[in-house]
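Working notes for the structure below.
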Amino acid sequence: MSPRIVEIREAILKKNDLVARRLRQVFADAGVYVVSLVSSPGAGKTALLGETLRRLAPTCRVAALVGDLATDHDAVRLRASGAPVRQITTGTVCHLDAEMVERALDGWDLGSLDFLFIENVGNLVCPASYDLGEDLRVVLLSVTEGEDKPEKYPTIFATADLAVITKIDLASAAGYDDVLARRALDGAQPDLDVLRVSVKSGLGMADWFGRLDAARAGKRTGLRV
Amino acid sequence: MHELSIALSVVDLATERAREAGGGRVEAVHLRIGALSGVVSDALRFAFDVASRDTPLEGARLVIEDVPIAAFCPRCRAERTLRDSRLRCPNCGSPTPDLIRGMELELTALEVEDDVPAYR
C-alpha cells in the first residue's frame, strides 16, 4: 500500500514564533521598548550597548540581556553602567531564541523599564531565523570587516530594521568605502535605514540616541518610526 | 550553523502531527526551504539524520523543496524570480524590497504508512 499524504503547512519555527508573539504582547503591555543587537563577533555590540546603557541610565530606566556561548564577561562589563544586566549562556547554541529570552526575563518587572536591550550571540547567520519579540532589530557592521558583509549574509540584513556601521573613526585606516557598503546594504534590503557611529570618538552617537528616542515615542503613540 | 536546531524543531513538530494523524510510520517529511531563509538544505539533511535518531521519525526521508527568491518589481509591476539574494529586478535593475517568496521554513506534509507502527 502506498503511504498516505498528511498535509501540514506549518512554520517549522512556529513554537518560537508563538513565544515571540507572546513576548511582544508582554512588552507592549509593560510599555517597554525592546531593541536587539546582532552582528559578527567583534563588530562592537558590547561597546555600543555599554555606552548606550551608560548614557541612558541617568534619564531612562534601562536593562539588558546578553547572549554568549560561554562566560559572563559581557554581563560583568555592562553592569558597570549601573543598569541591571543578565547573561544568557547558550552553551553550544549559536543564537538566542524566544524561549531563552522569556526564561531570562523571569522575575523582572518589565513595567518599570523604558528600554530593554538584547545582545545576541555574535553570529550573522543563525539569529536571523529567530524572532525574539523585539521592536527593533539592529544589525551592526564594523568598518574593519569588509563592505560586502551584507552580500555574504543577506538574511540577517534583510530582516533588520536598522543597520549601524560601527568604528567609523577607523574608516580611513581600514580603507573603508561607504559607497560600496551602502550598495551592499541596498542589495540586501533596499532603503534600509543606516547610521554611522563611533563609540570611541562619539561621532554619530547623537543620531543613534535620537533614533532610539523617536522609535520609543512612536511605539507609545502607536506610530511606527 | 543552526541547522541542528532547525532539524530538532522539524522532528518535534512532525512527531506531534504524525501522532495526531494516527501514529503510523512516517516514511517521508516534506519541507519548503526558501533561498533567503538562512538555512542550507544539505546541512539540514545531515542534521535531520542526527536529530531524528531514536525518535518516531528515525529512518524517514527528508524531501526538501528549495524555494527561489521572488519579489514584486514596482517598475515592471510584476513578480520576478531573482537570480541571487541581491534584491534587484533581473529585468530592469530596480530595487525590489517587497519579497513574495524566499523566506520559507515550512513543514508542508508527511507521508504516513498507516498499517505499520511507528518505530517508537
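Please treat every number below as a calculation from the coordinates, not as lab data. Remember, it's a predicted structure, so these values are computed and weren't measured experimentally. Backbone-built Cβ (ideal geometry, glycine too); neighbour counts: all protein chains shown.
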In straight Cα distance, which lysines are under 20 Å from residue A:149, not counting same-chain residues fewer than 8 positions off? A:45, A:167
Please work out the Cα center distance from the stretch A:1-56 to the stretch A:128-179, rounded to the nearest Å. 18
Neighbour net charge for residue A:17 - beta-carbon separation under 11 angstrom, K R +1, D E -1: +2
For the stretch B:12-74, take every pair of Cα atoms, bin their distances at 5 Å starting from 0, and report each bin as a whole percent. 4, 16, 24, 21, 14, 10, 5, 3, 2, 1
Name the residue, out of A:179, A:26, A:34, whose mean-square fluctuation peaks in a Gaussian network model built on chain A with Cα pairs under 10 Å. A:179
Sorted by chain and number, the residues with a modelled amide H under 5 Å from that of residue A:118, at a separation of 5 or more or across chains, are A:35, A:36, A:37, A:65
From the convex hull of the Cα coordinates of the protein assembly as shown, what is the mean projected area in square nanometres? 19.5
Summing +1 per Lys or Arg and -1 per Asp or Glu among the other residues with Cβ less than 14 Å from residue A:202's Cβ gives +2
Give the value in nm², to one decimal: projected area of the alpha carbon convex hull of the stretch B:1-43, averaged over all directions. 3.3
Residues of the stretch A:203-222 with backbone N under 17 Å of the label point set 7 Å from the Cα of residue A:180 along Cα→Cβ are none
If I model a spin label at residue A:148 and residue A:17 as a point 7 Å from the Cα along the Cα→Cβ vector, what separation in nanometres do I get? 3.4
Positive minus negative residues near residue B:42 (Lys, Arg vs Asp, Glu; Cβ under 12 Å): -2
For the residue pair residue A:194 and residue A:173, what label-to-label distance in nm results when each label sits 7 Å from Cα along the Cα-to-beta-carbon direction? 2.2
